[in-house]
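The values are calculated or read from the model by the stated rules, or taken from the named source; none is laboratory data. Being a predicted model, the structure only gives us computed values, none of them experimental. Don't worry about glycine lacking a Cβ; one is built from the backbone with ideal geometry, like all the others, and counts go over all protein chains shown. Accessible surface areas use protein heavy atoms only, side chains included; no ligands, DNA or RNA. Shrake-Rupley method; radii C 1.70, N 1.55, O 1.52, S 1.80 Å.
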Protein chains: 4
Amino acid sequence: MNYIRESTGSEDLRTKRQHILDAAYVVFSRKGYHRATVDEIIALADTGKGTVYNYFVNKEQLFYTLIMEKSAPFEAALMQLVAAKEPALEKVEKAVKLFLHFFMENGDLWRVMMHEIRGLSCEKASGLKEGQKEKYQDWFNRTIGALAQILQDGIAQETIRDCDVTKSAYGLFSVILMMVFQKFVGDDISGMAHMTADIFLYGIAKK
Amino acid sequence: MNYIRESTGSEDLRTKRQHILDAAYVVFSRKGYHRATVDEIIALADTGKGTVYNYFVNKEQLFYTLIMEKSAPFEAALMQLVAAKEPALEKVEKAVKLFLHFFMENGDLWRVMMHEIRGLSCEKASGLKEGQKEKYQDWFNRTIGALAQILQDGIAQETIRDCDVTKSAYGLFSVILMMVFQKFVGDDISGMAHMTADIFLYGIAKK
Amino acid sequence: MNYIRESTGSEDLRTKRQHILDAAYVVFSRKGYHRATVDEIIALADTGKGTVYNYFVNKEQLFYTLIMEKSAPFEAALMQLVAAKEPALEKVEKAVKLFLHFFMENGDLWRVMMHEIRGLSCEKASGLKEGQKEKYQDWFNRTIGALAQILQDGIAQETIRDCDVTKSAYGLFSVILMMVFQKFVGDDISGMAHMTADIFLYGIAKK
Amino acid sequence: MNYIRESTGSEDLRTKRQHILDAAYVVFSRKGYHRATVDEIIALADTGKGTVYNYFVNKEQLFYTLIMEKSAPFEAALMQLVAAKEPALEKVEKAVKLFLHFFMENGDLWRVMMHEIRGLSCEKASGLKEGQKEKYQDWFNRTIGALAQILQDGIAQETIRDCDVTKSAYGLFSVILMMVFQKFVGDDISGMAHMTADIFLYGIAKK
DNA sequence: CATGAATGAGAGTTCATTCAT
DNA sequence: AATGAATGAACTCTCATTCAT
């Protein structure tokens, strides 16, 4: 296994593709989908323009691949948390922490993605073809569904009010996003997670 | 003479500029700032390309004008609410209702605007010039500031916990937005406002 | 005669047209033919856009009219000089003075005109239709022809060498133009005329 | 291998960029800066619109590049002449010949350039940005400065009158230009150079 | 006559994508 | 597989001209 990695060929093959993805991550995050240009990506990736189209069919699919590759480890961790045997209230805080970590790293890219998947109705209203958009929607169904599952467990455990878990999960999700985008989250992610979960769970009205 | 004005006159007097704004509203909302083209706007407004540039200096200022004209009545109502003499807890619910109404109408446009004002640092990271972005930011300072003021009043009235009112206001704002974007809000805006305010104030954990 | 002038109608009629010509003079001189816009002309003339097209068939004819109106008094004076009974050498200096005065006033406009009449061959190579261009060329034939006539008189009077009078006239003309454009001419137009005529007549080589 | 390069290689290597410059030369010369369109240039260059912008940042810089590339060999020859050890009077005639040759080839383009660098004061009075205009002015400072230097040498050698060399150089320059523009120069450039220098040096008045 | 809102042809420029090397 | 020169469709914006009032 080692000798394969050390052979320059395989090393470089993975590298070119990865360099492009890394560069695309930076440029898409900074500029958004439309203002990001392939020229800027290849400049940052230090590669040729044609190379991009060897690995990715077009700009759109490059973006999609980026999203999926960045998401995979986060999704894995989240699913693991859902499956864990723990009180739901504690899982909520841990989930918030996972989301905060993820968005602290990838928030800008996700903001771009979320902006692009709007306009589902019209054929060419978005840069994404009809089939692609559903794949992005699946991401929300999976991750926010995980949050909802935790809340559902809490209801079963009678530590959480009997509410609409999907709406609540989306609400929690949106608060996390806003905290990140407004740069309210500093180095103390754990503390922020605690505070966010606390307000979410117990409200801000005086008891 | 009056009835003549009302038949064709009033129709035509307000027409061109308003038609363009109406068309721009639809196209910007559906396509976002960059994918919206002047050609599509004029097709919808049933006017010539030059006419747009008679009324608006460029695409950006058309967008800005749109935002400000749509926002004005909402802002007025919000400020009136803040100034009213009422318990803060009730004001919160009324404010949520105002926001829900506003975003049910203009949510897509605001999503576009919010996407464009990101990337404040870089020069060309957004379609908006540096000076303009601050004007959009002011909108947030004003409206979310109003929410924060209501919460602050609640703290003074000892009906709301002593929390970071700005963060909390942003949190409430983001939840409202998400409810709208996820189409969780139907015809019963009042009911939704009640539910949202309830969860925000009292949390979802069982007491 | 006076009462006609004072009647507002006739006064204003002449005025509108003249205001437009005055404004056109300023704008064409400053911006050149293409960069001059009708909008800027009407702003300076304080009139409506349609009014321009009431008096002039289009931008091109406005320009042409301007040239001809500005030229008339100069041409008259020049023709008078040619016809005068005077030694040719003195006429040369006086003609130089006339040209200097004229171009000190209208040099920019003439530069613009001279630039526009190029590209005689191609149909649409210039902004001017084929027929129009010849009219401009006539101006040169008339005015430089006058200079040539003076030189020809000088040859007859044996005070000027037997040279190609047309070429020499164009040469003198070009020197005058250059003096004006390079702003080598100050308030002392007479002195400058003397110097220019002196070098033209006697050369700059040491005798 | 070499002959292959010479058949297609050398043709194609220099091709696109040079074709564009060649086409731009023709179109700018014929139409002037503003009436010249990129569409016409690419039609003549038989290339795509984007290709122009691969080689030149914009229309203005294409024009500037054209001017500089056309000027380089002429300037080199002129500077060599100035530095040569020869009587100034002979240098004058040789310089006139150089200028005649140059303007016989590039006169139309230079006329366009000269027209564009006017209106130095106003911001948008010309198609050229403020900083660029100075670069064009430098061309005059260099080339007419070279003429003036020759005249200055003549004064030192006591073969030329003590006159304002800069004004005189501009005068000579303008005469050359006019000869070319009026198509007074035919195939016998040497003869024309002799005549022009003769009149410039010794005047046209009878001794 | 005087007006100026409306117009659209046409300008310069950008950028995702292709393909010969 | 890697490249980047070549491309042209699509974009925003300008401005001379018209015409209903």
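Among the residues making up region B:23-37, those that are within 14 Å of another protein chain (Cβ to nearest Cβ), open to solvent by less than 30 Å² (accessible area, probe 1.4 Å) and in a helix (DSSP H, G or I) are B:Val27, B:Phe28, B:Ser29, B:Gly32, B:Tyr33.
For region D:171-207, give me each residue that is modelled with pLDDT under 90 and of a type in the set (Ser, Thr, Tyr). Listed by number, the residues that qualify are D:Ser174, D:Thr196, D:Tyr202.
Of the set (1) more than 7 Å from every other protein chain (Cβ to nearest Cβ); (2) open to solvent by less than 10 Å² (accessible area, probe 1.4 Å); (3) out of contact with any Ser or Thr (no Cβ under 8 Å at 6 or more places or on another chain), all apply to D:Gly203 but (1).
Among the residues of region B:170-200, what is the count of those that are open to solvent by less than 60 Å² (accessible area, probe 1.4 Å) and not in a helix (DSSP H, G or I)? Summing the residues that are open to solvent by less than 60 Å² (accessible area, probe 1.4 Å) and not in a helix (DSSP H, G or I) in region B:170-200 gives 4. Being part of a loop (DSSP other than H, G, I, E, B) and open to solvent by 10 Å² or more (accessible area, probe 1.4 Å) is the filter; apply it to region A:100-125 and report the residue that is modelled with the highest pLDDT. Here the residue is A:Arg118.
Annotation note: Cβ proximity below 7 Å between a residue of region A:33-54 that is more than 25 Å from A:Met114 (Cβ to Cβ) and a residue that is assigned to a loop (DSSP other than H, G, I, E, B) and near DNA strand F (Cβ under 6 Å from one of its atoms) (sequence gap 6+ or interchain) occurs for A:Ile42/A:Gly48.
The lone criterion from (1) more than 14 Å from chain A (Cβ to nearest Cβ); (2) within 9 Å of DNA strand F (Cβ to nearest atom) left unmet by B:Lys59 is number (1). Mind checking which residues of region D:165-200 are among the small types (Gly, Ala, Ser) and more than 8 Å from every other protein chain (Cβ to nearest Cβ)? Of everything in region D:165-200, those that are among the small types (Gly, Ala, Ser) and more than 8 Å from every other protein chain (Cβ to nearest Cβ) turn out to be D:Ala169, D:Gly186, D:Ser190, D:Gly191, D:Ala193, D:Ala197. Across region B:26-44, the number of residues qualifying as in contact with a helix residue (DSSP H, G or I) (Cβ under 6 Å, 6 or more places away or on another chain) and either of a type in the set (Ser, Thr, Tyr) or within 8 Å of DNA strand E (Cβ to nearest atom) (or both) comes to 3. Would you confirm whether any residue within region B:38-55 is within 11 Å of DNA strand F (Cβ to nearest atom), closer than 28 Å to B:Ile144 by Cα and within 14 Å of chain A (Cβ to nearest Cβ)? So far as region B:38-55 goes, no, none of its residues is within 11 Å of DNA strand F (Cβ to nearest atom), closer than 28 Å to B:Ile144 by Cα and within 14 Å of chain A (Cβ to nearest Cβ). The sole residue among B:Lys97, B:Lys135, B:Lys167 that is at pLDDT 90 or above, of a type in the set (Lys, Arg) and assigned to a helix (DSSP H, G or I) is B:Lys97.
Filtering region C:58-81 down to residues that are open to solvent by less than 40 Å² (accessible area, probe 1.4 Å) and hydrophobic (A, V, I, L, M, F, W, C), which residue is farthest from DNA strand E (Cβ to nearest atom)? Filtering first and then ranking leaves C:Leu81. If the condition is being buried (at least 20 other Cβ atoms within 10 Å of the Cβ) and more than 9 Å from chain B (Cβ to nearest Cβ), then region A:150-164 contributes only A:Ile150.
As for region D:11-22, it holds at least one residue that is within 16 Å of DNA strand E (Cβ to nearest atom), surrounded by 12 or more Cβ atoms within 10 Å (Cβ to Cβ), farther than 18 Å from D:Val180 by Cα and of a type in the set (Val, Ile, Thr).
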